[in-house]
1. Going through the stretch 84-93 one residue at a time, which ones are among the small types (Gly, Ala, Ser) and part of a strand (DSSP E or B)?
2. Before we move on, is Leu146 without any contact (Cβ under 8 Å) to a residue 60 or more places away in the chain, touching an Asp or Glu at 6+ places or on another chain (Cβ under 6 Å) and crowded, with 17+ Cβ neighbours inside 10 Å?
3. Here is a list of conditions, (1) surrounded by fewer than 18 Cβ atoms within 10 Å (Cβ to Cβ); (2) modelled with pLDDT of 90 or more, and Gly168 meets all of them except one; can you say which number that is?
4. Going by the structure shown, is Glu218 in contact (Cβ under 8 Å) with a residue 24 or more places away in the chain and assigned to a helix (DSSP H, G or I)?
5. Exactly one of these conditions fails for Arg324: (1) closer than 28 Å to Gly157 by Cα; (2) modelled with pLDDT under 95; (3) crowded, with 16+ Cβ neighbours inside 10 Å. Give me its number.
6. Just checking, which of Gly192, Gly168, Gly155 is over 20 Å from the mean Cα position of the chain (by Cα) and of a type in the set (Gly, Ala, Ser)?
7. For the stretch 288-373, list the helices (runs of 4 or more DSSP H) that sit wholly inside it and hold at least 2 residues that are among the acidic types (Asp, Glu); which are they?
8. Pairs please, first residue from the stretch 262-274 and in the same structural domain as Leu318 (by TED's automatic domain parsing), second anywhere and among the hydroxyl-bearing types (Ser, Thr, Tyr) and assigned to a helix (DSSP H, G or I), Cβ atoms under 8 Å, 6+ apart in sequence or on different chains.
Amino acid sequence: MDDPRGDGRGAALKRLRRSHQDTVLAALARPGGLSRAELAEHTGLSRSTLYTIVGDLLADGAVLEVPGSAVPGSRGRRATRITANPRGAVRIGLDIGRSRVHVAFVDTAGRRLATGTRQLPPLPHWNRRTDAAIGLIRKVAADHDLSAAAPRGIGIGLPGPVHLDERGRILGEDTRIRQLRRVQDRIGEAFGAPTAVGNNTRYAALGEALWGGARGAENVLYIRVSDAVGGGIVCQGRLLTGRRGAAGELGHLVADPAGPPCYCGGSGCLETYTAIPALLEQCRENGLTVADAADLVRAVRAEDPAACRAVTGAADLLGAHLARLAAVFDPDQVIVGGPLAGLDRDFLARIRSLVRVHCLASVGEPPEVRAAELDDDAGALGAVAALERGSEPLSVANLQAR
């Protein structure tokens, strides 16, 4: 009889083999490696299972066999030791956006090995974005002498809410959801790797908490202001996703119920006032033509009145909402990403001031407000972290393979 969940015996055996491989890689996280006998002792695997798993990992390039110390009484014969190959046992993170794909490779100790970006025409079909993602993984692996043949996993960040079932599959049956499921399937099949999927901006929050501006903080409020406004919340070291994967949609907080319509179906959303397209339109209404975010930043630095008015107005609105969220969530840090975050006086400093003024004085010092550090790397690195599904709070330390 078929398994009602759609998992056959072969799939179950494949998951068991992957689990054994992760157990071996976790044991090899220590410097110097281990002999096969020591590996058997550390992992509890039988000798035959261990030798099969080590053989598979050697074939995949995930581990290396190196000479060890001389074996007593063996006339100079040296025992071999197995060590993790930092350039072979990799995890891969993808951030697949509206007009670009970004990839990050991370080793078993949580170290960044390589990143890469491929620009795309605005809003290409998902087939084209998937082809670009697969091609980019292979190119970056080849350019940096990394193995993409059998990665330990691939995290995939996608735009929009992503609601998952208990097995990490995307729920829903509309056209967009079917397309996203196909993205997940194609990428997993292309590299024979398990996948994790989620919202790319939420993943960026996780990336900043582990590798970026909020390193060491367990409670982080993240917002990114770009072509859209999104965010993410890391609480006690874990990314909050909510009931349907929509936790952190900060751009759709209501700034004015009587405001302009938003594509989400609401009105007066924060994004309709503070996203880059809205600021460019405000500049045009005041006689200043700016083509994109880079133009806007240059105009602010040149102290153009229309540009400064648009950006400071956005900062004041964002700061007021972030202060309210900080009162509810009580974060250690507020991280602000996007092209405007480098404008300290006219943007970041105003947000910082409003958060400081409006936070609860009775709970002590307000959260630190900082610019994001990872830029395009954040979403892809956060996608790597999402591959870790253990019960412990996420940290770089427990990104080591299990």
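The values are calculated or read from the model by the stated rules, or taken from the named source; none is laboratory data. Bear in mind the structure is a predicted one, so any value in this text is a computation, not a measurement. Cβ sites come from the backbone with ideal geometry, for glycine too, and all protein chains shown count toward neighbours.
1. So in the stretch 84-93, the residues among the small types (Gly, Ala, Ser) come out as 84, 88-89, 93.
Once the filter is applied, which keeps residues that are among the small types (Gly, Ala, Ser) and part of a strand (DSSP E or B), the stretch 84-93 yields Ala84, Gly93.
2. Numbers: without any contact (Cβ under 8 Å) to a residue 60 or more places away in the chain: yes; touching an Asp or Glu at 6+ places or on another chain (Cβ under 6 Å): no; crowded, with 17+ Cβ neighbours inside 10 Å: yes.
The answer is no for Leu146.
3. Tallying (1) surrounded by fewer than 18 Cβ atoms within 10 Å (Cβ to Cβ); (2) modelled with pLDDT of 90 or more, Gly168 fails exactly one: (2).
4. Values: in contact (Cβ under 8 Å) with a residue 24 or more places away in the chain: yes; assigned to a helix (DSSP H, G or I): no.
No: the conditions fail for Glu218.
5. In the conditions (1) closer than 28 Å to Gly157 by Cα; (2) modelled with pLDDT under 95; (3) crowded, with 16+ Cβ neighbours inside 10 Å, Arg324 misses (3) alone.
6. Numbers: Gly168 fails: over 20 Å from the mean Cα position of the chain (by Cα); Gly155 fails: over 20 Å from the mean Cα position of the chain (by Cα).
Residue meeting the stated conditions: Gly192.
7. Numbers: elements: 293-301, 305-329, 349-358.
No helices (runs of 4 or more DSSP H) qualify here.
8. Cys262/Thr272
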